[in-house]
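Below: one structure, written as structure tokens.
The values are calculated or read from the model by the stated rules, or taken from the named source; none is laboratory data. The model shown is predicted, which means the values in this text are computed figures rather than measured ones. Note: ideal-geometry Cβ built from the backbone for every residue, glycine included; neighbour counts use all protein chains shown.
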Amino acid sequence: MSTVLSDDKIPNNVNLSSDRRLQRALEAWQPKFLDWWMEMGPAGFQVQDVYLRTAVSVEASGWAHFDYVKMPDYRWGIFLEPKQEGRTIGFGDYQGQPVWDEVPGELRNMLRRLIVTQGDTEPASVEQQRLLGQTAPSLYDLRNLFQVNVEEGRHLWAMVYLLHTYFGRDGREEAEELLGRRSGDRDRPRILGAFNEPTTHWLSFFMFTMFTDRDGKYQLSALSESGFDPLARTCRFMLTEEAHHMFVGETGIQRVVKRACELMKQDPSGDVRALGGIDLPTIQKYLNLWYTLSLDLFGGEISSNAADAFAAGLKGRHKEDKYEEHKVLDQSYPMEVLEDGKIVAKDIAMRTALNEVLRAEYIKDCARGVERWNKTIREEGVDFTLALPSNRFHRHIGIYADSHFTPGGEPVSRAVWEAHRHEWLPTDEDEAYVKSLMQPVLEPGKMASWIAAPAKGINGQPEQFEYVRLV
Amino acid sequence: MDPISFETHPDRYRHWRLSTDGDVATLVMNVDPDHPHRPGYELKLNSYDLSVDIELADAIQRLRFEHPEVRAVVVTAELDRVFCSGANIYMLGSSSHSFKVNFCKFTNETRLYLEEASAESGLRALAACQGTTAGGGYELALACDEILLVDDGSSAVSFPETPLLAVLPGTGGLTRLVDKRKVRRDRADVFCTVAEGIKGKRARDWGLVDQVVPRSKWDATVAERARALAAEGAALAHGPAVALPALAPTVEADRIAYRYVELRVDPATRTGDLTITGPTAPPPAELHAGADGGAELWSLRAFRELDDALLRLRFDHPTIGVLRLRTRGDAAHVLAHDEALARATTGFAREVRLLQRRVLKRLDNTARSFFAVADAADSCFAGVLLETALSADRFYMLIDDAEAIAVRTSSANAGPMPTGSGLTRLQARFYGTPDDVAKVLARGADGPIAGEEAEQLGLATVAADDIDFEDELRIAVEERASLSPDALTGMEASLRWVGPETLETKIFGRLSAWQNWIFTRPNSTGEQGALTLYGRPERPAFNWNRT
């Protein structure tokens, strides 16, 4: 019996204490995870007490247990949604057959790739954000950053659990490599390009949690439909945590927007920057940047990989239940493609268009968030509207990648693009300005000049609450 | 469809960039997705089709003739995280069987040329795989002397053909894996069924690549290995450089004409006539003398033309099943050219002979029935041209009273033009009576060998006088043209390569034959086959019977 690992140290609902294979794998992996966390986790905050939420069980009362904890002592757990007896595969070629509790051999590689690609983003984002703690705009935000970080860590555990339990030696090797790659490292980069760019300041962090984590939500949602039941159950539990990350992003930007509006009204000439705020046009540029980087994460518009994963019953659509038909063999998807410099509509076989189907759901969800920011602007009595750019704008993957489009989606020449780029995307000056605002504000209840206070505290705590004990 | 041109030039490459720096050349694959060989698919992710491979073949050829100072070529790519993803699957899926087979044959020949350049000309090749190296991409790397793979945690070498497409890595990949790199066969078995491939340390430990290199050390390591490889071949003679001019044939519907080679086809009878004209004068005292620097030397020009004609025959005239192969000219000039090449010590002369050798192999490998025909007084099956008759499936000679129609041997028949099996064509011909090789060469040294004697010696299949000859040949050709082209391909391929197996014969025999069989099977190319359905919403359905 393991002396290192126990159900108490690692909260779980997968019978860890009686699973020798999992124990053996985790005993080797867990110390390496901690080494990784110390090296690549939040810089400078490993000894402080942080008011964090820990999932200790999957019951309604158990998933949100709040207490002070030092991050390296955080109890990263392994939780799957409880199994639904009699669940059948909901889509694809195997629709109606019982879900798999073990990995079908012929789908092993595809499944492993899906899990590794998803799993790689979790530690990557922790690495991208590791320096942000140095410039937190408030203790409240600092705590939220760490909550996001530890949960990304837990999501890594969730994926590692699947690799360890279902993929034998290969799985153990992949799990180790998840700790071996480093965001932005030339030699050992993270798998997806967007996860190799550092998150250099808090505006980007909020945009990341708003837009990039939302990609994660949709990927998890599609995987939560999986015919491989342990994956589906894992992802369903992860979705509850992902929602918090998007809350951090959406309310974070909302507070920056609110502050911008307040400062516009304060300054005689409406100059937000003069009063140390982030003006709405700059926010729009960062929105353009992060939204489009995140659109790329869904993959190519026309994708045989997406078709294969769907056909195999491994990755479904968001809320597969709400669709009437689940084989999707004869349907097509109207897609706007660029032909000879013009946008034309083309029907694409639905299965190969499933990345785009998922992306379309995501876009709707993003639009709802942006609308809530616009509501804040209206409530402040300011005449300005934030908007999502076209899904063709500033793309690096897929059918629009090699062409240039305005935020409105009109095709333009490279020259026109270059001439207007500074109006559409953050410039070096914008970046320098935003960075210049990033001074830490660590007194309980205080906020940096560029962000409004949150509407309410975490777990009902008062404004002055000491979310992170800095001593 | 328009005839395919196999001629190109680095100035016109769309898919590769060739540059040289001292004794190291760099060949960068940068496939232009929008210019495939024919419309209907995009060449994404450095996938290749015939247009890409024609440029590769051209580049290897030009390095040998035009850049003899180059001792090592780095084959690499510039695409982010992708070296080469292999033959374009949509191209394969939408191609006719005949095109697929000939495409694969051409790509196989090109890869063998890389290996030949290393073995015979000291031109080493380094595959610098800076990203994903899949399928035909890895097969290209396998044809190089050394493989470097970037160690970035994700770039792998892979053979996804079997698990993803239900076909084989048919460009020599399976053979080179175990025969050339000597990867243990059980590991090769695992490797060939893991679609995503193997990366990093394991790829090196299994011998799939020679070295894995982190990105930060990539450029320096590639440069260092290229220099080391270049040093290996430095002792061989090289040059002088000769620029290869365009052949610019006249192409008509039923005729392709070059300066020395003419191909006429008659679709009605499914037959053709391939005629090679010998040199019109003796060779210059120095082979690379003259304004052209040797480019117009008959030995080079005529064989480049024959090469081009064979490729056009394969791709553009699929129904022409039987070819009468004739030579015209002064046999003495042919022999003089052979001997001048044999005497010369320049790298250029060596390259000309190696080119002749490659073209003769391409003739061996052309899946059409060839009947060599010596039926006129100016026939000149001498030396290197006699090799074409020995390559042919049969050799018909007219017996004339003056004995003007005769064959002649030269040093070209005694070793420098081996077939893929490593035997000379005479050794292959007299596989059961090896002493006859020396006998024929000794007799040839004494002068022309006319029809009757050639038949007795075993050089001519049939020698007949003017009363019988015409009918003999006509009936043989008509009969041949009536037989199943598939059976003939298999029959000829089995008979042409007598003797031992080599990497080359295994690739063209075993691997290609299995691949071509699989290409016609429903599990790959049927309506529900994996190749057919690749990229489509449906998934393949297999017939589970094993043979």
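Residues to consider are A:Asp340, A:Asp330; find the one that is over 29 Å from the mean Cα position of the chain (by Cα), at positive phi and of a type outside the set (A, V, I, L, M, F, W, C).
Residue meeting the stated conditions: A:Asp340.
Okay, residues lined up against (1) surrounded by fewer than 22 Cβ atoms within 10 Å (Cβ to Cβ); (2) outside any loop (DSSP other than H, G, I, E, B):
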site: B:Ala372; (1), (2): no, yes
site: B:Leu385; (1), (2): no, yes
site: B:Ala389; (1), (2): no, yes
site: B:Gly422; (1), (2): yes, no
site: B:Ala438; (1), (2): yes, yes
site: B:Gln456; (1), (2): yes, yes
site: B:Ala464; (1), (2): yes, yes
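Of B:Phe348, B:Phe395, which residue is buried (at least 22 other Cβ atoms within 10 Å of the Cβ), in the same structural domain as B:Gly329 (by TED's automatic domain parsing) and in a helix (DSSP H, G or I)?
Going through B:Phe348, B:Phe395 in turn, the sole match is B:Phe348.
If you take the residues of segment B:162-198 that are within 14 Å of another protein chain (Cβ to nearest Cβ) and touching a residue at least 40 places away in the same chain (Cβ under 8 Å), which of them is nearest to B:Ser94 (Cα to Cα)?
Step by step, filter segment B:162-198, then rank; the result is B:Leu165.
Quick one: in segment A:328-342, of everything that is among the hydrophobic types (A, V, I, L, M, F, W, C) and surrounded by fewer than 17 Cβ atoms within 10 Å (Cβ to Cβ), which residue is nearest to the other protein chains (Cβ to nearest Cβ)?
A:Leu329
Need the failing condition index for B:Ala127 against (1) among the aliphatic types (A, V, I, L, M); (2) surrounded by 23 or more Cβ atoms within 10 Å (Cβ to Cβ); (3) in a helix (DSSP H, G or I), just the number.
(3) is the only condition that B:Ala127 fails.
Looking at A:Glu325, A:Glu301, which is the one that is of a type outside the set (Gly, Ala, Ser), buried (at least 20 other Cβ atoms within 10 Å of the Cβ) and within 14 Å of chain B (Cβ to nearest Cβ)?
So the residue among A:Glu325, A:Glu301 that is of a type outside the set (Gly, Ala, Ser), buried (at least 20 other Cβ atoms within 10 Å of the Cβ) and within 14 Å of chain B (Cβ to nearest Cβ) is A:Glu301.
Report the residue count in segment A:89-118 for those that are more than 13 Å from chain B (Cβ to nearest Cβ) and buried (at least 19 other Cβ atoms within 10 Å of the Cβ).
Residues that pass the stated criteria total 6.
Of all residues in segment A:351-410, which are over 22 Å from the mean Cα position of the chain (by Cα), crowded, with 20+ Cβ neighbours inside 10 Å and among the basic types (Lys, Arg)?
A:Arg351
Look through A:Val58, A:Val47 and report the one residue that is away from every other protein chain (no Cβ under 14 Å) and over 29 Å from A:Gly227 (Cα atoms).
A:Val47
Criterion first (of a type outside the set (S, T, N, Q), in contact with a Ser or Thr (Cβ under 6 Å, 6 or more places away or on another chain), farther than 26 Å from A:Asp67 by Cα and not in a strand (DSSP E or B)) does A:Met447 satisfy it?
For A:Met447, the condition - of a type outside the set (S, T, N, Q), in contact with a Ser or Thr (Cβ under 6 Å, 6 or more places away or on another chain), farther than 26 Å from A:Asp67 by Cα and not in a strand (DSSP E or B) - is not met.
When the residues of segment B:489-524 are narrowed to those that are surrounded by 20 or more Cβ atoms within 10 Å (Cβ to Cβ) and farther than 24 Å from B:Gly422 by Cβ, which ends up nearest to the other protein chains (Cβ to nearest Cβ)?
Among them, the one singled out is B:Ser524.
Taking the conditions exactly as written (of a type in the set (A, V, I, L, M), in a helix (DSSP H, G or I) and closer than 14 Å to A:Arg154 by Cβ), does A:Val126 satisfy them or not?
The answer is yes for A:Val126.
Suppose we filter A:Gly299, A:Gly277 for residues that are under 22 Å from A:Glu197 (Cα atoms) and assigned to a loop (DSSP other than H, G, I, E, B); which single one remains?
A:Gly299
Please list, ordered by first then second residue, the pairs with beta carbon atoms under 9 Å, 6 or more apart or interchain, first in segment B:199-219 and among the hydroxyl-bearing types (Ser, Thr, Tyr), second surrounded by fewer than 14 Cβ atoms within 10 Å (Cβ to Cβ).
Filtered contacts from segment B:199-219: B:Ser216/A:Arg186.
Tell me which residues, restricted to segment B:31-53, are surrounded by 22 or more Cβ atoms within 10 Å (Cβ to Cβ) and in contact with a Phe, Trp or Tyr (Cβ under 8 Å, 6 or more places away or on another chain).
B:Val31, B:Asn46, B:Asp49, B:Leu50, B:Val52, B:Asp53
Which of the residues that make up segment B:398-420 are more than 30 Å from B:Ile475 (Cα to Cα), of a type in the set (A, V, I, L, M, F, W, C) and not in a helix (DSSP H, G or I)?
B:Ala414, B:Met417, listed by residue number.
For A:Gln147, indicate whether it is in contact with a His (Cβ under 9 Å, 6 or more places away or on another chain) and among the polar types (S, T, N, Q).
Answer is yes for this residue.
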